[in-house]
Amino acid sequence: MEEGGNGYVAPDDIKFKYAENMGEDGEVIVDVMTKLRNELSMLHHQVPLCQSSLFTLLENATSASKAQTIEEIIKDIWKSHPTNRPTMDHALSHLLRNSATSSLALLDTLVERDPSYTEAWNKKATCHYLLGDMEASETATRQTLKLEPRHFAAWSGLGLIHQDRGERDEAISCYKKSLKWHPWGAVSARLAALIDKGCDSEMEEGSEEGSAPHE
């Protein structure tokens with residue numbers, strides 16, 4: 001919903017996903033979705049412990065598909081906000097169009113309005129990363145983690161920054177923290193690759209020195 005407007009403007013990803021099925025009832029569906037989203041946003045602020053329950057479910061998920069469902073719910077809670085969610089949706093829409101600069105401008109506005117809006121900081125970190133500003137990306141990521149230490153996506157992003165810098169141990173530490181909160185996270189592939197690479201390097205060094213690789 002545009003701030004100060006009377007109607008909800010659906011983000012492009014929502015339009016692409018649901019437009020074909022809306023038909024003539026599209027306005028009614030959008031109105032219901034908007035009201036539901038607003039109610040969920042208020043519920044999030046009134047019952048913060050719901051996230052703890054979701055993380056418990058995520059930790060004990062018995063399959064990747066179940067974990068993904070819980071992950072999406074958590075991410076939607078992170079994006080929720082009683083007044084600023086529409087701007088967040090538009091910022092994400094710009095990201096989907098590969099326009100990180102336009103998205104960043106909106107996200108800067110969001111953190112100015114509400115410095116405690118965790119997901120705005122996280123998406124700022126993403127934009128800075130895509131624009132090649134690793135220092136700004138790290139700063140925004142650490143602010144995200146200061147506000148929400150369980151933010152598995154932020155830990156993954158911080159790991160990627162360290163990995164790009166060649167800081168293997170730091171990257172592994174961040175990836176492990178991401179997996180602590182989301183055991184089914186896709187970051188596990190990055191972690192495995194880094195560990196395997198490290199083991200290969202140690203084996204090569206050990207062979208050159210004449211020592212056994214598993215000592």
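The values are calculated or read from the model by the stated rules, or taken from the named source; none is laboratory data. Values in this document were obtained by computation on a predicted structure and should not be read as measured data. All Cβ positions, even for glycine, are placed from backbone atoms using ideal geometry, and neighbour counts span all protein chains on display. Just so you know, the surface numbers come from the protein's heavy atoms only, side chains and all, with ligands and any DNA or RNA stripped out. Shrake-Rupley method; radii C 1.70, N 1.55, O 1.52, S 1.80 Å.
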Just subtract the alpha-carbon distance of residue 165 and residue 146 from 0.36 nm times their residue separation and send over the number in nm, one decimal. 4.6 nm
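Got a number for carbon plus sulfur as a percent of the stretch 109-175's accessible area, 1.4 Å probe? Walk me through the intermediate numbers first.
Working: 1460 of 2960 Å².
Whole-percent figure for carbon plus sulfur exposure: 49.
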Surpassing 21 Å at the alpha-carbon level, of the pairs 66/124; 146/197; 66/123; 66/146; 75/146; 123/197, are 66/124; 146/197; 66/123; 66/146; 123/197
Would you work out which of 58, 147, 137 lies farthest towards the positive end of the dipole of the stretch 40-178? Charges go on Cβ: Lys and Arg +1, Asp and Glu -1. 58
Taking 30 Å as R0, compute the FRET efficiency from the Cβ-Cβ separation of residue 52 and residue 72 and round it to 0.05. 0.95
Derived scalar couplings ³J(HN,Hα) [the stretch 170-179; Karplus, 6.51 cos²θ - 1.76 cosθ + 1.60; whole Hz; x for Gly, Pro]: 5, 5, 4, 4, 5, 4, 5, 5, 4, 5
In nm, what is the difference between 0.36 nm times the number of residues separating residue 135 and residue 114 and their Cα-Cα distance? 5.4 nm
